[in-house]
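Only the coordinates and a few stated rules stand behind these numbers; no lab work does. Predicted model, so just to flag it, every value in this text is computed and none were measured. Backbone-built Cβ (ideal geometry, glycine too); neighbour counts: all protein chains shown.
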Amino acid sequence: MLIRGDFIKLLFCYVEKYGIIKYTKVEVIMDLIRLKNVEKKYKNGVTAIYDLNLAIEKGSFTFVIGGSGSGKSTLIKMLYREEKPTKGQIIVGGLDVAKLRNSKVYKLRRKLGIVFQDYRLLPKLTVYENVAFAMEVIGATKEATRKNVLRALEEVGLKNKVHNYPDQLSGGEQQRVAIARAIVNNPKLLLCDEPTGNLDPERSMEIMKVLEDINKTRGTTIIMATHDKEIVNRMKKQVVTLKDGHLVNFKKKGTYVDENI
Ligand SMILES: Nc1ncnc2c1ncn2[C@@H]1O[C@H](COP(=O)(O)OP(=O)(O)O)[C@@H](O)[C@H]1O
Ligand SMILES: [Mg+2]
């Protein structure tokens, strides 16, 4: 939630830029994420993102699409402060992400969950323990942990596998555990970077169904980077298209329009 000070700061930044209040109060509050003139140039001289302006509403489901090297992962990484932009401003849930001190990054990380292509489960922990770990590190009680872990595992359809170890699960199941881990603290935002990249089409659609349910029932804002045209075309969500670091399209209810991307 935007705290009052941040809201006023945001409002002023628009007054400053446009001279008039172009955005109504309601619209400002609705945005969970705002990027303003964001550029990312890596130390080796490669510019991965050019002058990106983007607003993502709370509760929305957004695909970030584009070919390999178009800047999808860089965009996702900047949202959770794995990378800092070299220019511009990124606001996530009222926090000015680039300006956050390292000691305050945890405030941002608590607002979000992250899912990667390669699951990243801890191999020596069971399904239950993998998910519970995310709550233990923030000091949750045992009871709260148990309640949230079982709810999350139920949502991803794995309540019957709580005692299994990751190597006793299929790829699709491992990814569902990773999703349960990412949502167990009930974050406002779920970032997914090619979550179906290692899965066959059928397993991929199962993952998409889980993500869609989370978006609908929890109201979690979801941003998912993918290069899978089939998935994007079937899901009919809003689509941000990147090409060589440039935003080339932002469609509210999109399909993977451009076959050349
Ligand atoms: N850590 C890094 N250092 C230097 N260049 C990078 C780094 N990460 C990504 N890049 C470059 O930035 C561009 C965008 O990469 P990336 O964001 O990973 O794209 P995508 O996820 O769409 O494949 C590519 O040219 C890539 O080589
Ligand atoms: Mg990538």
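Peptides 181-194, 136-149 ranked from most to least packed by the mean count of surrounding Cβ atoms within 10 Å: 181-194, 136-149.
Over 28 Å apart at the Cα level, from the set Lys58/Lys243; Lys87/Lys188; Lys99/Lys188; Lys209/Lys252; Lys159/Lys229, are Lys159/Lys229.
With respect to the chain, whose longest principal axis is taken over its alpha-carbon atoms, helix 4-18 is tilted by about 40°. The local environment of Ser204, defined by Cβ-Cβ distances under 14 Å, has a net charge of -3 under the rule Lys, Arg +1 and Asp, Glu -1. Full extension of the chain between Asn44 and Ala144 yields a length gain of 31.4 nm, computed as 0.36 nm times the residue separation minus the alpha carbon distance.
Applying a 10 Å radius around every beta-carbon, put 80-87, 220-227, 163-170 in order of their mean neighbour count, most first.
220-227, 80-87, 163-170
In the chain, inverting the average of 1/r over every pair of distinct C-alpha atoms gives 19.1 Å as the Kirkwood radius. Restricting the calculation to Cα atoms, region 109-213 shows an Rg/Rh of 0.93 when the hydrodynamic-style radius is the Kirkwood one. Within the straight-line cut-off of under 16 Å between alpha carbons, the aspartates and glutamates reachable from Lys253 are Glu57, Glu212, Glu230, sequence neighbours fewer than 8 places apart in one chain being disregarded.
Net charge dipole, the chain: roughly 1100 debye, given to the nearest 20, about the Cα centre with Cβ charges of +1 for Lys and Arg and -1 for Asp and Glu.
Simple rule: put +1 on each Lys or Arg Cβ and -1 on each Asp or Glu Cβ in the chain, find the dipole, and look at Tyr128, Thr62, Ser103; the Cα lying farthest toward the positive end is Ser103. Structural descriptor for the chain: relative contact order 24 percent, calculated from alpha carbon pairs under 8 angstrom and at least 6 residues apart.
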